[in-house]
Ligand SMILES: NC(=O)C1=CN([C@@H]2O[C@H](COP(=O)(O)OP(=O)(O)OC[C@H]3O[C@@H](n4cnc5c(N)ncnc54)[C@H](OP(=O)(O)O)[C@@H]3O)[C@@H](O)[C@H]2O)[C@@H](O)CC1
Ligand SMILES: Nc1ncnc2c1ncn2[C@@H]1O[C@H](COP(=O)(O)OP(=O)(O)O)[C@@H](O)[C@H]1O
Ligand SMILES: [K+]
């Protein structure tokens, strides 16, 4: 598992650790790791040009000490002092002693960035608030347009560490070296997208860290959570999933949701709705009824919503599914028919899987607002509906209604997943895992993981059906088989 901790937690851990260690040791550990990553990015250190964007806090101190190490290995280092009278004193002294120089004039600073081989971004770390201020903004822009590799210290400056929001101008890094633990901004978009490749460095604060606010599953976590059929398994024990999706107008959604469900290990799939013919043509193993969920027979979980349209039948379908006592996943058109009171009153779990636009409609906001505040949005939706919510997008988030468990973030996805119908496959996949008995948060986060991994394994341009077909390979891959 990868964990993300908030700033308050990191600061408390830092204090506790520092109380046991010689002064300055944490910063030296940070600087050593930064210098090593910087040297790697440069290939050969001697004779290269390194520029340090230096803010007024400890983040600038880390960067200056790292630059001093590179200067000692023969790099020509220029520190751009954004607030010259407030630069980290010991860090600056170390750099000057190692032969580095400083610039403060805006023109000279921008020229230095433009001709750098490596830029160390030490403007702000976890102490940054709001977007970059104007002086820092022009430097971030210069770093973005130069050919230099940009290495962010702890976080790309300008992002909000706790929320992943990007309130204004920010640095775009090729690589971010972060200390002690991931900060939410490194895992949640839009900030995560600015961080580039991530490198987590153990500086010794781990034992003092409290509970994480975020977690990201890795292969081993998924392997431990996925069901494995045993000797006594039969199709009912493996889980029967009901799919109520598709309409005369959108039969494809039924086929795709069923495909996702079948490839994620369901013992059987029952389909209820007007798309039965299309479903059977592709998947003869499915038990089909043209009626509503009532007519389908017993299932262990329902998936409702993809391609239902918005007619009276669609409403009946959603309310019948919600009236059952099994887990229900509601996606797409089904999300437009949700009353929070009905969802909250359910005794079995409910999982909602909106994309940003659907989440915005549920929250009474605009899409851009949800995109900008993904972490808040997913938490708020989960609380309001008393449901587990999977917010789709480049970094998919999963939040539980209690608000007490860390939000799960999924990073396996690829932009190729943004193809019509791939969300339908995801809902079937998640429904199958719910039917198998996984807790809603585990089902949703494992489904997002496998879905993203399937798209990666399918490689390159893909259709939604390609994603469904790659799910068994993703499953085997996650299981290490
Ligand atoms: N945790 C750990 O274990 C360890 C942490 N370490 C390091 O410490 C870092 C945290 O350091 P920190 O607390 O000094 O804050 P930091 O991020 O440097 O920024 C604060 C300064 O920036 C300024 N400023 C604020 N917003 C701004 C903006 N938008 N645009 C421009 N400027 C802005 C603000 O100035 P002011 O508002 O006062 O004008 C303030 O002076 C952490 O990320 C890690 O790198 C390591 O040394 C190893 C151990
Ligand atoms: N940029 C992206 N990177 C990774 N995954 C993405 C990206 N954009 C969309 N996705 C994923 O693609 C899927 C699209 O689902 P959805 O928006 O419901 O589309 P549809 O309704 O066409 O099926 C979701 O799983 C979402 O997380
Ligand atoms: K930084």
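The values are calculated or read from the model by the stated rules, or taken from the named source; none is laboratory data. Keep in mind it's a predicted model, so treat the numbers as computed, not measured. Positions of Cβ are generated from backbone atoms using ideal geometry, with glycine treated the same way; all protein chains shown enter the neighbour counts.
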*Of all residues in the range 119-139, which are more than 14 Å from residue 86 (Cβ to Cβ), surrounded by fewer than 24 Cβ atoms within 10 Å (Cβ to Cβ) and more than 7 Å from ligand 1 (Cβ to nearest atom)?*
134, 137, 138
_Residues satisfying the stated conditions in the range 195-208, i.e. surrounded by fewer than 23 Cβ atoms within 10 Å (Cβ to Cβ), touching a strand residue (DSSP E or B) at 6+ places or on another chain (Cβ under 8 Å) and under 28 Å from residue 446 (Cβ atoms)_ = 196, 197, 198, 199, 200
*Do the conditions hold for residue 364, that is, is it at pLDDT below 95, at positive phi and more than 16 Å from ligand 1 (Cβ to nearest atom)?*
no
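Take the residues in the range 214-246 that are touching a strand residue (DSSP E or B) at 6+ places or on another chain (Cβ under 6 Å) and touching a residue at least 40 places away in the same chain (Cβ under 8 Å); name whichever of them is farthest from ligand 2 (Cβ to nearest atom). Break it down stepwise before answering.
In the first step, residues of the range 214-246 are kept if they are touching a strand residue (DSSP E or B) at 6+ places or on another chain (Cβ under 6 Å); the result is 214-216, 235, 240-244.
Still in the list and also touching a residue at least 40 places away in the same chain (Cβ under 8 Å): 214-216, 240-244.
Values: 214: 17, 215: 18, 216: 14, 240: 24, 241: 18, 242: 19, 243: 14, 244: 16 Å.
Per the stated criteria, the residue is 240.
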*Sole residue being more than 8 Å from ligand 2 (Cβ to nearest atom), within 11 Å of the chain's Cα centre (by Cα) and under 19 Å from residue 228 (Cα atoms), chosen from 432, 445*: 445
*Is there a residue being over 27 Å from residue 382 (Cα atoms) and part of a helix (DSSP H, G or I) anywhere in the range 302-323?*
no
*Give the residue that is modelled with the lowest pLDDT, with candidates limited to residues of the range 447-481 that are farther than 22 Å from residue 283 by Cβ and part of a helix (DSSP H, G or I).*
479
*asked:* Every residue in the range 386-428 that is surrounded by fewer than 24 Cβ atoms within 10 Å (Cβ to Cβ) and closer than 17 Å to residue 439 by Cβ, please.
replied: 386, 400, 401, 402, 403, 404, 405, 406
_Exclusive hit being touching a strand residue (DSSP E or B) at 6+ places or on another chain (Cβ under 9 Å), surrounded by fewer than 24 Cβ atoms within 10 Å (Cβ to Cβ), at pLDDT 95 or above and under 20 Å from residue 185 (Cα atoms), set 346, 379_ = 379
*asked:* Return the residues of the range 98-118 that are surrounded by fewer than 14 Cβ atoms within 10 Å (Cβ to Cβ) and assigned to a strand (DSSP E or B); say none if nothing qualifies.
replied: 101
*Answer from 128, 61 - the residue that is at negative phi, within 14 Å of ligand 3 (Cβ to nearest atom), in contact with a helix residue (DSSP H, G or I) (Cβ under 7 Å, 6 or more places away or on another chain) and touching a residue at least 24 places away in the same chain (Cβ under 8 Å)*: 61
*Restricting attention to the range 117-125, does a residue exist that is away from ligand 3 (no atom under 14 Å from the Cβ), out of contact with any helix residue (DSSP H, G or I) (no Cβ under 9 Å at 6 or more places or on another chain) and in contact (Cβ under 8 Å) with a residue 24 or more places away in the chain?*
no
*For the range 134-172, which residues satisfy the criterion of being in contact (Cβ under 8 Å) with a residue 40 or more places away in the chain and away from ligand 3 (no atom under 13 Å from the Cβ)?*
135, 148, 149, 162, 163, 164, 165, 166
*Report, ordered by the first and then the second residue, all pairs with beta carbons closer than 8 Å, sequence separation of six or more or different chains, a first member in the range 289-300 that is assigned by TED's automatic domain parsing to the domain that holds residue 235 and surrounded by 22 or more Cβ atoms within 10 Å (Cβ to Cβ), and a second member that is modelled with pLDDT of 95 or more and assigned to a helix (DSSP H, G or I).*
293/317; 293/320; 293/321; 299/435; 300/434; 300/435
